[in-house]
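Comments concern the structure below.
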Amino acid sequence: MSGIVDFAYILPSGTARAEGLSRSSGLSVEQVQRITVTPEWPVLAPDEQPWALVIRAARAVLDRTGIAPAAIGKVIYAGSGEWEPAFWSPAAKAADMLDIREAHCLEVVNFCNSATPALQLAADETALGRSDYALVLLGDRLSQLVDYEDPESKALFNFADSAAAVLVGRQGCEFEILHQELRTDAAWADYYSADREDFVTLVRRRGRRSGLREAYLKNLAELVELTLDSLGRSRDDVAQLLINQTDRTMHEELLSNLGIAPERSVFNYHRYAHQGPADTFIALADIRAEGRLTAGDLILLCTSGVGFSWGVTAVEYQPHSE
């Protein structure tokens with residue numbers, strides 16, 4: 001079995017504010033905050049790049065664990081694919097900056113769901129003995145892909161930015177990866193796509209269509225049940241269910257449908273808005289820091305992304321001995 005040895009995340013230095021989005025979109029501050037929940041949230045500053053933040057997070061993990069760069073056989077950079085510059089490998093850039101010289105470097109594009117397939121690749125790589133360790137890097141520039149002058153893009157106004165690095169291996173794991181489930185409902189493939197205008201990429205919703213909320217709740221709940229069935233566990237065994245911070249009411253409804261109390265989840269909407277694929281690791285870092293985990297706890301990391309895909313990763317907490 002493989003698992004998460006350690007992880008870290010980095011927030012950018014820029015800030016977006018509801019008042020600014022109100023002025024650019026023509027919506028009231030109250031309308032904007034119904035979406036963002038928080039009056040301000042972290043975004044990339046003009047001089048910041050997500051891959052640079054990712055490298056900082058990865059260095060923190062490698063320094064903390066003492067794992068030598070030479071022991072890492074796979075570097076996986078995951079996100080939306082809107083890297084800067086374009087036609088470029090942020091995984092290879094990160095490996096070069098981290099002095100990782102003999103690893104295979106690649107990118108995984110599954111948008112805000114990308115953490116789950118990236119972890120799956122890393123877990124398979126290490127479980128099969130191809131590499132001692134694999135490094136998963138999560139970094140995106142979501143806030144820069146939104147047209148804040150377009151009221152039709154308001155559902156994306158809570159897009160924020162952060163970076164995370166996750167070290168996966170077979171030894172010294174703090175979170176053993178027990179099972180993963182992934183699914184795509186391809187009928188939603190064209191619901192969102194981007195336009196390129198004056199060398200700027202902006203995401204657009206293509207028309208109005210009902211049913212995504214229902215599809216979201218149905219597919220994610222079914223993946224949770226498939227995961228628990230595969231493990232021979234029940235909903236009562238779930239210590240924490242952590243989810244992308246996209247829509248608080250949908251988050252609450254999912255927990256209600258599954259019979260999982262809100263106290264067994266994390267709500268970071270009021271602090272960070274939606275941090276893309278790093279959301280669940282920010283939440284995991286919170287509960288770890290707050291001492292809310294006990295050895296043997298079953299934790300479900302639930303992710304989703306446009307396309308439209310969902311993923312669940314089940315991990316068991318195995319605290320490192322002092």
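The values are calculated or read from the model by the stated rules, or taken from the named source; none is laboratory data. All values reported here derive from a predicted model rather than from experimental measurement. A quick note on method: Cβ atoms are made from the backbone with ideal geometry, for glycine too, and the neighbour counts reach across all protein chains shown. What goes into the accessible areas is simple: the full protein's heavy atoms, side chains included, and nothing from ligands, DNA or RNA. Shrake-Rupley method; radii C 1.70, N 1.55, O 1.52, S 1.80 Å.
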(request) State the percentage of accessible surface on region 182-243 attributable to carbon and sulfur atoms; use a 1.4 Å probe and exclude ligands, DNA and RNA. (result) 47
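Taking a ≥ b ≥ c as the square roots of the Cα gyration tensor eigenvalues, with a/c under 1.5 meaning rounded and otherwise prolate when a/b beats b/c, else oblate, which class fits region 73-219?
Values: a/c = 2.67, a/b = 1.53, b/c = 1.75.
Oblate is the answer for region 73-219, as a/c is 1.5 or above yet b/c matches or exceeds a/b.
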(request) Go ahead and set up a Gaussian network model of the chain, Cα springs under 10 Å, then flag whichever of PRO90, PRO39, PRO50 fluctuates most. (result) PRO39
(request) Using only alpha carbons, build the gyration tensor for the chain and give me the equivalent ellipsoid semi-axes, biggest first, whole Å. (result) 29, 24, 18
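How big is the antiparallel share of DSSP beta bridges in the chain, given as a percent to the nearest 5?
Numbers: 43 of 61 bridges.
In the chain, DSSP labels about 70 percent of beta bridges as antiparallel.
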(request) Starting from the Cα-Cα distance between ASP47 and ARG292, subtract it from 0.36 nm times their residue separation and give me the gain in nm to one decimal. (result) 84.6 nm
(request) Give the calculated FRET efficiency between ARG248 and VAL200 to the nearest 0.05, with a Förster radius of 51 Å applied to their Cβ-Cβ distance. (result) 0.95
(request) Find the Rg to Rh ratio for region 1-106, where Rh is the Kirkwood radius over alpha-carbon pairs and Rg uses the same atoms. (result) 1.10
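With a 1.4 Å probe and every protein chain left in place, work out the accessible area per residue of the chain in Å², rounded to a whole number. Provide the component values of the computation, followed by the final result.
Working: 13680 Å² over 322 residues.
I get 42 Å² per residue for the chain.
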(request) Determine the dipole magnitude for the chain: charges of +1 sit on the beta-carbon of Lys and Arg, -1 on that of Asp and Glu, nothing else is charged, the reference point is the Cα centre, and the result goes in debye to the nearest 20. (result) 240
(message) Within region 251-278, list the residues whose amide N lies under 17 Å from a label point set 7 Å along Cα→Cβ of LYS218.
(response) 254, 257-258
(request) Run through all the Cα pairs of region 172-255 and give the fraction in each 10 Å bin from 0, expressed as whole percent. (result) 12, 36, 30, 17, 6, 0
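Would you mind classifying region 234-322 by shape? Square roots of the alpha carbon gyration tensor eigenvalues, ordered a ≥ b ≥ c; an a/c under 1.5 is rounded, otherwise it is prolate if a/b is larger than b/c and oblate if not.
Numbers: a/c = 1.63, a/b = 1.38, b/c = 1.18.
Note, shape of region 234-322 comes out prolate.
How high is the FRET efficiency from GLU149 to SER193, r the C-beta distance, R0 22 Å, rounded to 0.05? Kindly include the intermediate steps, with their values, before the conclusion.
Working: r = 18 Å, r/R0 = 0.84.
Once the sixth-power term is evaluated, E becomes 0.75.
Hull surface divided by four, with the convex hull built on the Cα atoms of region 47-112: how many nm²?
Working: hull surface 18.9 nm².
Hull-based average projected area comes out at 4.7 nm².
Leaving out ligands, DNA and RNA, and with a 1.4 Å probe, what % of the accessible surface on region 30-149 is carbon or sulfur? Before the final figure, lay out each step's value.
Numbers: 2600 of 5210 Å².
Roughly 50 percent, rounded to a whole number.
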(message) If I build a Gaussian network model for the chain, linking alpha-carbon pairs within less than 10 angstrom, which residue out of PHE199, PHE111, PHE281 has the largest mean-square fluctuation?
(response) PHE199
